[in-house]
Amino acid sequence: MGRKLTFEIFRYNPKDPKSVPHTDGFQLEETDSMTLFIALARIREEQDPSLQFDFCCRAGICGSCAMVINGRPGLACKTLTRELPERIILMPLPVFKLIGDLSVDTGTWFRAMNEKVGSWIHTDKAFDPAAQEERMENAVAEEIYELERCVECGCCVAACGTANMREDFVGAVALNRIARFMLDPRDSRTEKEYFDVIGTDEGIFGCMGLLACEDVCPKNLPLQDQLGILRRKMGWTALKNLFSFKRT
């Protein structure tokens with residue numbers, strides 16, 4: 001027989017005026033290779049069909065099942081119960097709007113963030129559907145792909161001290177997106193244009209450098225390296241703008 005696991009799960013329905021935030025307790029016998037997603041699915045099927053949580057791919061690709069697991073943001077589908085103690089406390093991600101129980105609205109936040117930082121290729125070239133695809137060096141493509149692996153799960157945002165205190169902070173995920181486009185030769189934005197987007201207290205200079213974002217990233221993205229690189233680039237850009245202003 002496996003361990004008997006005790007789950008304490010946050011419950012609250014914002015649309016129900018009678019609902020109040022609380023935790024409900026559930027017990028399950030642990031099975032081989034059980035993930036938190038499997039455990040939650042069993043609880044919903046066998047004990048409480050009203051339990052709300054998000055899932056889609058069950059393979060750590062979509063980022064839907066992110067939640068706070070014993071105080072640490074993570075993906076339910078990638079978290080094995082054998083790696084956790086017998087008492088497991090599950091909470092919804094902070095920062096994002098709560099839908100109900102463990103379900104939060106990450107989509108609205110990420111849409112606003114992507115619009116704020118211009119998360120697309122900026123170019124003046126007219127699109128020619130008959131033209132061949134632009135070539136790119138393999139080394140550059142691999143660097144871009146490394147940063148493109150983000151699944152927008154929201155774990156880094158939930159773990160960020162600044163994002164938890166300030167709604168205007170774009171978070172490590174936005175800085176990672178900008179780093180990705182700065183590598184892309186197809187993007188025509190200048191250093192000054194990038195600086196105008198993230199060279200502020202809402203961007204790179206609002207980061208406290210606690211690096212919890214990289215600690216909890218389920219895709220192991222090099223967020224620490226990108227934060228350092230962006231700070232150096234934006235710092236030099238700020239100095240160049242300053243001296244250029246003084247000369248004029």
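The values are calculated or read from the model by the stated rules, or taken from the named source; none is laboratory data. Small disclaimer: the values here were computed from a predicted structure and weren't measured. All Cβ positions, even for glycine, are placed from backbone atoms using ideal geometry, and neighbour counts span all protein chains on display.
Looking only at the range 95-126, residues that are more than 21 Å from S19 (Cβ to Cβ), buried (at least 18 other Cβ atoms within 10 Å of the Cβ), among the hydrophobic types (A, V, I, L, M, F, W, C) and without any contact (Cβ under 8 Å) to a residue 60 or more places away in the chain come to 1 in all. Taking strands (runs of 3 or more DSSP E) as the structural unit, those lying wholly within the range 84-192 and holding at least 2 residues that are aliphatic (A, V, I, L, M) correspond to 87-91, 97-100.
Is it true that A163 is in contact (Cβ under 8 Å) with a residue 24 or more places away in the chain, in contact with a Gly (Cβ under 6 Å, 6 or more places away or on another chain) and outside the structural domain of L40 (by TED's automatic domain parsing)? Criteria met by A163. Counting the residues of the range 147-168 that are surrounded by fewer than 24 Cβ atoms within 10 Å (Cβ to Cβ) and either under 19 Å from R231 (Cβ atoms) or aliphatic (A, V, I, L, M) (or both) gives 7. Filtering the range 1-10 for residues that are surrounded by 13 or more Cβ atoms within 10 Å (Cβ to Cβ) and at pLDDT below 95 leaves a non-empty set. For the range 193-217, the set of residues classified as among the charged types (D, E, K, R), over 14 Å from the mean Cα position of the chain (by Cα) and part of a helix (DSSP H, G or I) consists of E193, D196, listed by residue number.
Condition check for A39 on (1) over 26 Å from G107 (Cβ atoms); (2) assigned to a helix (DSSP H, G or I); (3) touching a helix residue (DSSP H, G or I) at 6+ places or on another chain (Cβ under 9 Å): one failure, at (1).
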